Amino acid sequence: MAKLIDGHAIAEKVYVDLRHEIADLKSKGVTPGLAVILVGDNPASRTYVRSKDKMCRELGLHSMKFELPATTTQVELLARVQELNHDPAIHGILVQSPPPKQIDEAAIVRALDPRKDVDGFHPENIAKLALGDPTGLVPCTPLGVQRLLIESKIEIDGAHVVVLGRSMIVGKPLALLLMQKNKNANATVTVAHSRSRDLEKITRSADILIAAIGRANFVRAQHVCDGAVVIDVGINRVKDAVSERGYRLVGDVAFDEVATKASAITPVPGGVGPMTIAMLMSNTVKACRQFGRGGSPEPTANANPARID
Ligand code: GUN
C-alpha cells in the first residue's frame, strides 16, 4: 500500500518559513500585499479565492479581494489591473481563472506587471522559467508539486516524470520546471495528453506520474507501474446525493486501486491543493522581496542573466 503524501503537513512547513520572512519584511516596514480578482460567480473559483484571502489574513499579509460581476467588461478589468499595477501596497496580483467568456484572459495576463504576476502566467515569467532565470515567478501548482516531492524525499533527479496534461496552468510549466538543470529537477520529462497514442504504455514507464487532465478518476491501476509515485493535481466535483453539498471532490486518479500499486500517492483533497495556496503566499513574499520597498520602476529582467544549458 502506498505511503500517503500529506499536503497539509508540508504546506504547514512552508508557512513556518514564510512567517519568519514576513516578520523580517515587516520589521523593515514592508508588508507583502496580494490582490485577488474574481470575475463572475463560478462556485469553485469563489471557494478558491476565499481560501487565498483567508490564508493571507492568517499570515498577516495585506490582502485585497475583488469580487466583480459576471458582466464586467475587458476595459473595466484592465482598468482594475492597471490600478493594482501602480499600487505600492500590492506586490502580487492574481486574476482567478477561468473568467467569463467576454474576457480575453491572455490580454489580461499580458497587462499585469510581470513583477507582480504571482501566478507566473505572464510571457516574461514563462520565458524566465524556460531560461532557468531564478528572478522569475513560477506558477503555483507546479511549484507546489515540486515542493511536495522534495519534502517527501522522492528523488526527481534522473527520474522519468510523466505529466498527464498540457495546460498553461499546470502541465507545460511543470514540465519546464522539472527538466531544469538543478538538483531539485534534472528529470526526464514526458508530457502526455488527450491525443497521445499508447497512453498506458507511456504512463506505465513513469517513475513519477503527475495527473493534471481534469477528468475524474481517469488514471486507473493499469496506467501505473508497481512502485511509482503518483501525484494527483485534479480537483473534480462529482455529484453525491449523500453529501450535504450535493457533490464531493475527487482527483484525476482512481485513488483506491492506484494506491495498491504506487509507492507514494497524494490524496484529493489534502494533497496538491494546500500546496498551491502555500506557493501563492510564497510567490507574494518573493515578489515583495524582489520589488517591494517602493520598488525600482524598471523591470528587473537583466538583473540576473539567464544561464542557457
Ligand atoms: N484557476 C485554477 N487554478 C488557478 C491558478 O493557479 N491561478 C489562477 N489565477 N486561476 C486558477
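The values are calculated or read from the model by the stated rules, or taken from the named source; none is laboratory data. Quantities reported herein were computed from a predicted structural model and do not represent experimental measurements. No Cβ is skipped: glycine too gets one built from the backbone with ideal geometry, and neighbour counts run over all protein chains shown. Just so you know, the surface numbers come from the protein's heavy atoms only, side chains and all, with ligands and any DNA or RNA stripped out. Shrake-Rupley method; radii C 1.70, N 1.55, O 1.52, S 1.80 Å.
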List every residue pair whose Cβ atoms sit under 7 Å apart, with the two residues 6 or more apart in sequence or on different chains, where the first one lies in the stretch 141-169 and is at positive phi and the second, anywhere, is assigned to a helix (DSSP H, G or I) and more than 12 Å from the ligand (Cβ to nearest atom).
GLY165/GLY171
Between ILE202, ILE154, which is within 19 Å of MET275 (Cβ to Cβ), away from the ligand (no atom under 16 Å from the Cβ) and open to solvent by less than 50 Å² (accessible area, probe 1.4 Å)?
ILE154
Taking the conditions exactly as written (touching a His at 6+ places or on another chain (Cβ under 6 Å), surrounded by 20 or more Cβ atoms within 10 Å (Cβ to Cβ) and under 23 Å from MET168 (Cβ atoms)), does THR266 satisfy them or not?
no
Quick check on this structure: which one of VAL268, VAL242, VAL224, VAL272 is within 15 Å of the ligand (Cβ to nearest atom) and free of Cβ contacts under 8 Å to residues at least 40 places away in the same chain?
VAL268
Scanning the stretch 40-53 residue by residue, those within 11 Å of the ligand (Cβ to nearest atom) and touching a Pro at 6+ places or on another chain (Cβ under 9 Å) turn out to be ASN42, SER45
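Is it the case that the stretch 251-258 has a residue that's small (Gly, Ala, Ser), more than 24 Å from LEU137 (Cβ to Cβ) and part of a loop (DSSP other than H, G, I, E, B)?
yes
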Members of the stretch 19-49 found to be buried (at least 21 other Cβ atoms within 10 Å of the Cβ) and part of a loop (DSSP other than H, G, I, E, B), listed by number
PRO32
Is one or more of the residues making up the stretch 157-173 more than 16 Å from the ligand (Cβ to nearest atom), modelled with pLDDT of 95 or more, under 17 Å from the mean Cα position of the chain (by Cα) and open to solvent by 50 Å² or more (accessible area, probe 1.4 Å)?
no
